[in-house]
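Asker: Pasting a structure below so you can have a look.
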Amino acid sequence: MSAAPIDLLIRNARVVACDDASCAVAPRGFIAIAGDRIAAIGAGDPTLGEPVRDEIDADGALLTPGLIDCHTHLVYAGNRAREFEMRLQGASYESIARAGGGIVSTVRQTREADEDTLFAESAVRLQSLMRHGVTTVEIKSGYGLSLEAELKSLRVARSLGERFPIDVRTSLLAAHALPPEFAGRPDDYIDEIVQRILPQAARLGLADAVDGFCDTIGFTPAQTRRVFEAARAHGLPVKLHAEQLSNQHGAALAAEFGALSADHLEHLDEDGAIAMARAGTVAVLLPGAYYFLRDSHLPPIELLRRHGVAMAVSTDCNPGTSPTTHLPLMLNMACTLFRLTPAEALLGVTRHAAQALGLQATHGTVELGKVADLCLWDVDQPAALAYEIAGGALRARFKNGVQHPLQ
Ligand SMILES: [Zn+2]
């Protein structure tokens, strides 16, 4: 045992460390936490020389790393429920856009919302993620699409991380869509991003990474490259929405810049998978968007496996294509829709999600010295976490070694 006093001892837990490919379950044992770190892990009952401040009997519950949602757009105002209803009644994308719907409506409402309103609406979603076991979340901007509104969104994301017991990592996604005032002038908007928005976000310390949307309805590879070069010049890592609707070879471009992740990937080809494997770029799979859009083009899971690309799974929480905050439900969808194994899905919201955020040294597994972000689940085996459709098996959630109520 370490010499430090133990702040919390969890006994009788069956630990799923998520440090191997099988998500093996250890026999009943204990975890000792000192400060915000895991100070000891062992089988059976501990023999501790140090005083123990607090103790919990897990009674055989499964203990996993706290879940990491590595791809969300959860800071936005309003919702698109009316648009959902119109689509079901047969309205076309064009007629919805003419009626002021689509991403433009979210951009308008996000721009109009003051910072407190944007915070309050986003906090509801953040708290829901937390109730489902999330201890670290990535939040993108991308519904502001102007200097002022992008910085506002990132400030709200930062404030959420300061006000709630959860780690927030931010990504600047100014290159999400073309704002209306730049209609027909995408290269001018890229100028605005690389000359003003990105440098300001970097200078203010508001962005941990830079993201883009490279596709036929987003930006071209050449435009994406300019954003990546600006990110590199400011010392920020990159990520990319790539190969969702078509193959633009965005994943290979992202890998060329050593991207943390390439996300969606329904149309990824083998060259892209090889480039990602070489660069250590994580494949972030988003089954919620696939489901909501009733997509039928599956991401090439077998290709990713064959080339040893780490796979993460995320909610993609956003108002247009994946209005969900239920990360455990995404485990079920990743298995049901994409045929991931339950172990792959669990690694996708723990170890590999940490890697997609560059946090693998401190988060994502239950190991000595790592941050004590943990979840206790009332299930008998890891597969049960993916088996239940929107199940409610979470018993307790610990952030930095402290248990917080689930409500
Ligand atoms: Zn996204």
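Laboratory data are not the source of any read-out in this text; all were calculated from the coordinates shown. Because the structure is a prediction, the values reported are computed rather than measured. With ideal geometry, Cβ positions are generated from the backbone for all residues, glycine too; neighbour counts draw on all protein chains shown.
Asker: Add -39500 (n - 2.57) for each DSSP H run of 4 or more in the chain, then divide by its residues: what number comes out at 222 nm, to the nearest 500 deg cm²/dmol?
Answerer: -10000 deg cm²/dmol
Asker: How would you order 253-266, 371-384 from highest to lowest mean count of nearby Cβ atoms within 10 Å?
Answerer: On the way: 253-266: 25.4, 371-384: 20.9.
Taking the mean over residues of other Cβ atoms within 10 Å, the ranking is 253-266, 371-384.
Asker: Hey, can you grab everything whose amide H is under 5 Å from the amide H of Val284? Only 5+ residues off in sequence or another chain; H modelled, so Pro and N-termini drop out.
Answerer: Placed amide hydrogens put Ala262, Asp263, His264, Ala312 under 5 Å from Val284.
Asker: Between the range 367-406 and the range 216-234, what is the C-alpha centre distance in whole Å?
Answerer: The distance from the Cα centre of the range 367-406 to that of the range 216-234 comes to 37 Å.
Asker: Kindly write out, for the range 166-177 in residue order, the coupling ³J(HN,Hα) from the Karplus curve 6.51 cos²θ - 1.76 cosθ + 1.60 (θ = phi - 60°), rounded to whole Hz, with x marking Gly and Pro.
Answerer: Result, ordered by residue: 7, 8, 10, 10, 9, 10, 7, 10, 4, 7, 9, 7 Hz.
Asker: Right, something else. Report, to the nearest 10°, how far helix 327-338 tilts away from the longest principal axis of the Cα atoms in the chain, using its own Cα long axis and a range of 0 to 90°.
Answerer: The angle comes out near 70 degrees.
Asker: Let me ask you something else. Starting from the amide H of Cys214, placed 1.01 Å from N in the peptide plane, find each other amide H under 5 Å away whose residue is 5 or more places distant or on another chain.
Answerer: Phe219, His241
Asker: Hey, what do the phi angles of the range 67-79 turn into as Karplus ³J(HN,Hα) couplings, whole Hz, using 6.51/-1.76/1.60 and θ = phi - 60°, x for Gly and Pro?
Answerer: 6, 10, 9, 9, 7, 9, 10, 6, 8, 7, 10, x, 8
Asker: With Rg and the Kirkwood Rh both taken from Cα atoms, where does Rg over Rh land for the range 56-166?
Answerer: Here Rg/Rh amounts to 1.09.
Asker: A further question follows. Name the residues whose placed amide hydrogens come within less than 5 Å of the amide hydrogen of Leu74, ignoring near sequence neighbours (fewer than 5 apart) on the same chain.
Answerer: The list, which skips near neighbours in sequence, is Lys140.
Asker: If you don't mind, another one. Taking all pairs of different Cα atoms in the chain, averaging 1/r and flipping that mean, what Kirkwood radius in angstroms comes out?
Answerer: Answer for the chain: a Kirkwood hydrodynamic radius of 21.5 Å.
Asker: Going by Cα centres, the range 253-284 and the range 1-75 are how many Å apart?
Answerer: Cα centroid of the range 253-284 versus Cα centroid of the range 1-75: 33 Å apart.
Asker: Using the Karplus curve 6.51 cos²θ - 1.76 cosθ + 1.60 with θ = phi - 60°, work out ³J(HN,Hα) for each residue of the range 201-217 in order, rounded to whole Hz, and write x for Gly and Pro.
Answerer: Each residue of the range 201-217 in turn: 4, 5, 4, 7, x, 8, 10, 8, 7, 10, 10, x, 10, 9, 6, 4, 9 Hz.
Asker: By what distance, in whole Å, do the Cα atoms of the range 163-280 stretch along each of the three principal axes, largest value first?
Answerer: Sorted from largest, the Cα extents of the range 163-280 read 41, 38, 27 Å.
Asker: Could you grab the Rg to Rh ratio for the range 231-304? Cα atoms only, Kirkwood for Rh.
Answerer: That ratio is 0.99, to two decimals.
Asker: Taking trypsin sites (Lys or Arg not before Pro) that fall in a DSSP loop and have at most 11 other Cβ atoms within 10 Å as cut points, what is the longest piece of the chain between them? It would help to have the intermediate numbers written out before the result.
Answerer: Numbers: sites that count: Arg294, Arg339.
The longest such stretch corresponds to 1-293.
Asker: Ok, one more. When the Cα atoms of the range 250-407 are enclosed in a convex hull and the volume is divided per residue, what value in Å³ results?
Answerer: 121 Å³
Asker: If you don't mind, there's one more thing I want to ask. Can you tell me the relative contact order of the range 1-115? Whole percent, Cα pairs under 8 Å, sequence separation 6 or more.
Answerer: Normalised by residue count, the contact order of the range 1-115 is 25 percent.
Asker: When the Kirkwood radius is taken over all Cα pairs of the range 103-160, what Stokes-Einstein diffusion coefficient follows at 37 °C and 0.692 mPa s, in µm²/s? Could you put the intermediate results ahead of the total?
Answerer: Details: Rh = 11.8 Å.
Translational diffusion coefficient: 279 µm²/s.
Asker: Further, regarding this structure: How large is the charge dipole for the chain, taken about the Cα centre, if only the Cβ atoms of Lys, Arg (+1) and Asp, Glu (-1) carry charge, to the nearest 20 debye?
Answerer: Numbers: 36 positive and 49 negative charges, 38 e Å.
So the dipole magnitude of the chain works out to roughly 180 debye.
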